[in-house]
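Asker: Structure incoming, see below.
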Amino acid sequence: KQVKFQILPHQRKLLSCKKHFIAMICGRGSGKTFAASLLCALKAINGERVLVFAQGYKALTENLFNEITKRLDKILGYGNYSYNKGQVKISIPGKGVIYGLTYQNIDACRGYTEINSLVLDEGCLAPANILETAVPCMRGTGKETQIYVTSTPKAGSYLNRLILDKLENEKDEIELIRAKTTDNVFISKQEFKLMEQSISNQTLYNQELM
């Protein structure tokens, strides 16, 4: 059956980009998690091995992997994939696999190989050695690999500096996708107003919502 999702323009860019390094730096509530979860689901369905990092175990399991299972339930149907919650691993028989790890223990990825896609959720919170530790897992695929960063902007973070450097020196390799919270048309005016009221200063407002 044909399954349709309502995709926002910035989410579509993430899903369709063919560049090696894709950074989706957007406001909170802009739809980053939905886009990342659909990206992971589609890649696994297409036979890829996907390695996902998140800030912590709760963010990984209750947020991102929970959303990935929702996408898979809609596309494949419940029961047509397996989810090992203890290992934080989703397998699709005869197709691909999604591994989940946290920034609190990035060395746990050592030993993984043939990873086609690396996804860094809230990547600007990642430790400075995340890429040097995780990228070697992408060896042995024999195909083009891709690195995805989804995050709210964090000035001064390692990945923020890396993105700025790539934009200056490796423009052909990187795609930067930006969106504000208000670009998510599925957020009501009341919801956005509540978010605005919870933020105490302009710097934080620009970081979290713009």
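The values are calculated or read from the model by the stated rules, or taken from the named source; none is laboratory data. Every value quoted in this text rests on a predicted model; they were computed, and no experiment measured them. Ideal geometry is used to build each Cβ from the backbone, glycine not excepted, and the neighbour counts take in all protein chains shown. Heavy atoms of the whole protein, side chains included, go into the accessibility calculation; ligands, DNA and RNA do not. Shrake-Rupley method; radii C 1.70, N 1.55, O 1.52, S 1.80 Å.
Asker: Given the whole protein assembly as supplied and a 1.4 Å probe, what does the accessible area of K166 come to in Å², nearest 10?
Answerer: Near enough 20 Å² of accessible area.
Asker: A further question on this structure: Report, by chain and number, residues whose modeled amide H sits under 5 Å from the one on T102, excluding near sequence neighbours (fewer than 5 apart, same chain).
Answerer: It is A54, by chain and number.
Asker: Here's something else I'd like to know. Among all helices in the chain defined by DSSP H, which have a length of 15 Å or more along the axis from Cα atoms plus a Kyte-Doolittle mean of at least 0.5?
Answerer: Result, helices passing both filters: 32-45.
Asker: By what distance, in whole Å, do the Cα atoms of the chain stretch along each of the three principal axes, largest value first?
Answerer: Principal-axis extents of the chain (Cα, largest first): 49, 40, 32 Å.
Asker: If contacts are Cα pairs under 8 angstrom and at least 6 residues apart, what is the relative contact order of the chain in percent?
Answerer: Once divided by the residue count of the chain, the mean separation gives 31 percent.
Asker: At a probe size of 1.4 Å, how large is the accessible area of R28, to the nearest 10 Å²?
Answerer: 140
Asker: Amide H of M24: which non-local residues (sequence gap of 5 or more, or other chain) have their own amide H closer than 5 Å, using H built in the peptide plane?
Answerer: V149, T150, S151, I177
Asker: Another question about this same structure. Quickly rank 3-13, 56-66 as a protection proxy: mean count of other C-beta atoms within 10 Å, highest first.
Answerer: Per-residue mean Cβ counts within 10 Å order the peptides as 56-66, 3-13.
Asker: Gap in Å between the Cα centre of segment 138-152 and the Cα centre of segment 1-52?
Answerer: 13
Asker: Can you compute the helix-only [θ] at 222 nm over the chain? Use -39500 (n - 2.57) per DSSP H run of at least 4 residues, normalise by all residues, nearest 500 deg cm²/dmol.
Answerer: It comes out at -9000 deg cm²/dmol, rounded to the nearest 500.
Asker: What percent of all Cα-Cα pairs in segment 30-148 falls into each 10 Å bin, going from 0 up to the bin containing the maximum distance?
Answerer: Per 10 Å bin, starting at 0, the Cα pair percentages come out as 14, 51, 32, 3.
Asker: In Å², what does the accessible area per residue of the chain work out to with a 1.4 Å probe?
Answerer: 52
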